[in-house]
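The values are calculated or read from the model by the stated rules, or taken from the named source; none is laboratory data. Note that the structure is a prediction, hence the values are computed from the model and not measured. Ideal geometry is used to build each Cβ from the backbone, glycine not excepted, and the neighbour counts take in all protein chains shown. In case anyone asks, the SASA skips ligands and DNA or RNA and just uses the protein heavy atoms, side chains included. Shrake-Rupley method; radii C 1.70, N 1.55, O 1.52, S 1.80 Å.
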Amino acid sequence: MSNNGLKSGSNLEKVLKAGHFAFTGECGPPKGANVEHLKEKFEHLRGKVDAVNVTDNQTAVVRMSSAAASAIMAANGIEPNFQMVCRDRNRLAMMADILGVYSLGVRNMLCLSGDHQKFGNHPQSKNVFDIDSIQLIAMVKKMRDEGKFLNDEDIDEPPKMFIGAAANPFADPYEFRVYRLANKIDAGADFIQTQCIYNMPRFRDFIKMAVEMGLTEKAYILAGVTPMKSARMAQYMAKMVPGMDVPEALIERLKGAGKGKQAEEGIKFAIEQIDEFKEMEGVAGVHLMAIEWEHKVPEIAERAGVLPRPQVD
Amino acid sequence: MIIADRKSLEEILDMIKDFKKILLVGCKGCVTVCNVGGEKEVGVLAVILKIARKKEGNPIEIDEKTLERQCDPEYVEQIRDIFDQYDAVLSMACGVGPQFLSEAYPSQRFFPAVDTKFFGGAVQHGIWEERCAGCGTCVIHHYDGLCPIARCSKSLQHGPCGGSADGKCEIAKDVECIWDTIVKKKMEQGRLEDLRTIRAPKDWQTARDGGPRKSIREELVQ
Ligand code: SF4
Ligand code: SF4
């Protein structure tokens, strides 16, 4: 492989390959064509993270496309992690968009099934699911490594993507989650970003299984962290978000912090988590999803001791 | 079989509001079995429509007829002598019925009285569930006889997705996550390894995506 043995040459890949503890962030594109708003959001993350996930119609709510927002980010010198869901596009549109974003400088992508459109603001829409997330991973790998489209035709300048996938250790059936992770890695995922973790005992158990199965040798696993802004947010997530595991003890802890101090308590918990992940066998980094809280990322990164971010050539 | 639900009375009344005399045609096939468009339901709907129209001061005349099957030209012929005696014909068969009727009697107008929903069966008295999406290439043997194409909300060939919780699908607490059931069955039977196979993207050409479909049985074609 050219490019010094790198698959994509992305910053995230270089950081992980050099053995640094990776730190990625997230940015949801605006509900409109407001580029200034987008820039304002991702500027908070500049220099604080190794790459920024750009969500793709997250929770099935229509927004500026992740492709365009990723390209704008790349053009502004911040590395995007382009998210793509299987809900909204068939294989033609997916391959076209992968080539498109690659040509605009995108080097990481995260392959997802996507929340069902029933959750979103256009529940009337037709869902696509031509291929699923595992088939998407395999497709991107084929495009990159074999230089071929799904139909085996040659690609004129293959897209060299660093391939990511998601894992939710907290969905059911619990015993199967690590096998699904294994399937994603077999399909070609280079890195994994997990669902937000709140139940630490369960995550420790999950990562232990992944280590025992040798999965953490084959792919980099980034632990998902979302700081809670309030006890109410925690309660909402516990109740309303399928596949989210928020222990009662955490809700109590936030409540106990008292009025006006819950956000700080949420950040404290997130920092404790990050501290533990740094030492945890099998965890290669943290993916910080500070939802509509991008401006807090510099502070959290600072206090978690992950700054400055490594520069790898 | 094909499962349908009757349209609301308001919708049916609106469809036929301009007509004074209609023929209401039922079908003795699937819609009889799922209690939506057989002889009995035809009788009930006719009565309700007549009462509603009478109330509006705009009475309607309705004749009833239930065919063996509306999806078979042989039985569709059974209304040849009477079809043109009506302003319109309302069919209680699945979506296939009123189309076969329309094709056989181009001068008449046909309206659907039911919404055709899915291929499925009764899981208990009065409750029907979807089982097959007619994808044209059956693969349920990979999933222990359970179909994720029709029964997973995302038609995932590798599930369950991250939204599966307590055996339920992320879309609603009253929807089974079929992938949870598939995985549990495999685990119970010690065949979890079956689910470690990465499957190729499905070829949807045999499904509706390949265009309207046809089935030709050469030996039967005369
Ligand atoms: S795999 Fe296709 S043909 Fe078989 S049950 Fe499912 S939808 Fe029907
Ligand atoms: S929760 Fe289960 S049935 Fe629902 S979309 Fe996910 S895998 Fe499919």
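Looking across B:86, B:105, one residue alone is in contact (Cβ under 8 Å) with a residue 60 or more places away in the chain, open to solvent by less than 30 Å² (accessible area, probe 1.4 Å) and over 17 Å from residue B:11 (Cα atoms). It is B:86.
Among (1) more than 15 Å from ligand 2 (Cβ to nearest atom); (2) open to solvent by 30 Å² or more (accessible area, probe 1.4 Å), there is one condition residue B:135 misses while meeting the rest; what is its number? Tallying (1) more than 15 Å from ligand 2 (Cβ to nearest atom); (2) open to solvent by 30 Å² or more (accessible area, probe 1.4 Å), residue B:135 fails exactly one: (2).
For segment A:216-237, the set of residues classified as buried (at least 23 other Cβ atoms within 10 Å of the Cβ) and within 14 Å of chain B (Cβ to nearest Cβ) consists of A:224 only.
Sort through B:198, B:182, B:140 and tell me the only one that's touching a residue at least 12 places away in the same chain (Cβ under 8 Å), over 19 Å from residue A:126 (Cβ atoms) and touching a Leu at 6+ places or on another chain (Cβ under 9 Å). That would be B:182, the only listed residue that is touching a residue at least 12 places away in the same chain (Cβ under 8 Å), over 19 Å from residue A:126 (Cβ atoms) and touching a Leu at 6+ places or on another chain (Cβ under 9 Å). Within segment B:33-92, the set of residues being in contact with a Gly (Cβ under 6 Å, 6 or more places away or on another chain), closer than 12 Å to residue B:23 by Cβ and either charged (D, E, K, R) or not in a helix (DSSP H, G or I) (or both) comprises B:66, B:91, B:92.
Does residue B:14 satisfy the criteria of being among the charged types (D, E, K, R), open to solvent by 80 Å² or more (accessible area, probe 1.4 Å) and part of a loop (DSSP other than H, G, I, E, B)? For residue B:14, the condition - among the charged types (D, E, K, R), open to solvent by 80 Å² or more (accessible area, probe 1.4 Å) and part of a loop (DSSP other than H, G, I, E, B) - is not met. Within segment A:132-174, being closer than 28 Å to residue B:148 by Cα and in a loop (DSSP other than H, G, I, E, B) holds for A:132, A:149, A:150, A:151, A:152, A:168, A:169, A:170, A:171, A:172, A:173.
All conditions but one from (1) of a type in the set (Asp, Glu); (2) away from chain A (no Cβ under 14 Å); (3) within 16 Å of ligand 2 (Cβ to nearest atom) apply to residue B:166; the one that does not is (2). Among the residues of segment B:185-203, the one identified as polar (S, T, N, Q) and either in contact with a helix residue (DSSP H, G or I) (Cβ under 6 Å, 6 or more places away or on another chain) or more than 10 Å from every other protein chain (Cβ to nearest Cβ) (or both) is B:189. From the list A:253, A:202, the lone residue that is in contact with an Asp or Glu (Cβ under 9 Å, 6 or more places away or on another chain), surrounded by fewer than 22 Cβ atoms within 10 Å (Cβ to Cβ) and free of Cβ contacts under 8 Å to residues at least 24 places away in the same chain is A:253. Scanning segment B:204-222 for residues that are within 19 Å of residue B:157 (Cα to Cα) and either within 8 Å of chain A (Cβ to nearest Cβ) or assigned to a loop (DSSP other than H, G, I, E, B) (or both) turns up B:204, B:207. Applying the criterion of being more than 23 Å from residue B:161 (Cα to Cα) and touching a Pro at 6+ places or on another chain (Cβ under 6 Å) to the residues of segment A:67-117, the residue that is surrounded by the most Cβ atoms within 10 Å (Cβ to Cβ) is A:70.
Residue A:208 meets the conditions (1) touching a Gly at 6+ places or on another chain (Cβ under 9 Å); (2) closer than 22 Å to residue A:49 by Cβ in every case but one. The failed one is (2).
Contact annotation: residue pairs with Cβ atoms under 7 Å, 6 or more positions apart or on different chains, pairing a residue in segment A:107-136 that is within 12 Å of chain B (Cβ to nearest Cβ) and among the β-branched types (Val, Ile, Thr) with a partner that is open to solvent by 20 Å² or more (accessible area, probe 1.4 Å) and not in a strand (DSSP E or B), are A:128/A:88; A:128/A:89; A:128/A:90; A:131/A:91; A:131/B:201; A:134/B:198.
For segment B:111-125, the set of residues classified as open to solvent by 50 Å² or more (accessible area, probe 1.4 Å) and either within 14 Å of ligand 1 (Cβ to nearest atom) or free of Cβ contacts under 8 Å to residues at least 12 places away in the same chain (or both) consists of B:119, B:123, B:124, B:125, listed by residue number. Take residue B:182 and decide whether it is outside any loop (DSSP other than H, G, I, E, B) and within 11 Å of another protein chain (Cβ to nearest Cβ). Judged against the criteria, residue B:182 is a match. Restricting attention to segment B:138-179, the residues that are part of a loop (DSSP other than H, G, I, E, B) and open to solvent by less than 60 Å² (accessible area, probe 1.4 Å) total 25. All told, residue B:158 meets the bar of being more than 8 Å from ligand 2 (Cβ to nearest atom) and either within 7 Å of another protein chain (Cβ to nearest Cβ) or in contact with a Cys (Cβ under 7 Å, 6 or more places away or on another chain) (or both). Quick check on my filter: what residues within segment A:184-199 are surrounded by fewer than 20 Cβ atoms within 10 Å (Cβ to Cβ) and touching a residue at least 24 places away in the same chain (Cβ under 8 Å)? Correct list: A:199 only.
When B:91, B:153 are screened for being away from ligand 1 (no atom under 16 Å from the Cβ) and of a type in the set (Ser, Thr, Tyr), only B:91 passes.
Go through the residues of segment B:109-131 one by one and say whether even a single one is within 14 Å of another protein chain (Cβ to nearest Cβ) and within 16 Å of ligand 2 (Cβ to nearest atom). No, the conditions are met nowhere in segment B:109-131.
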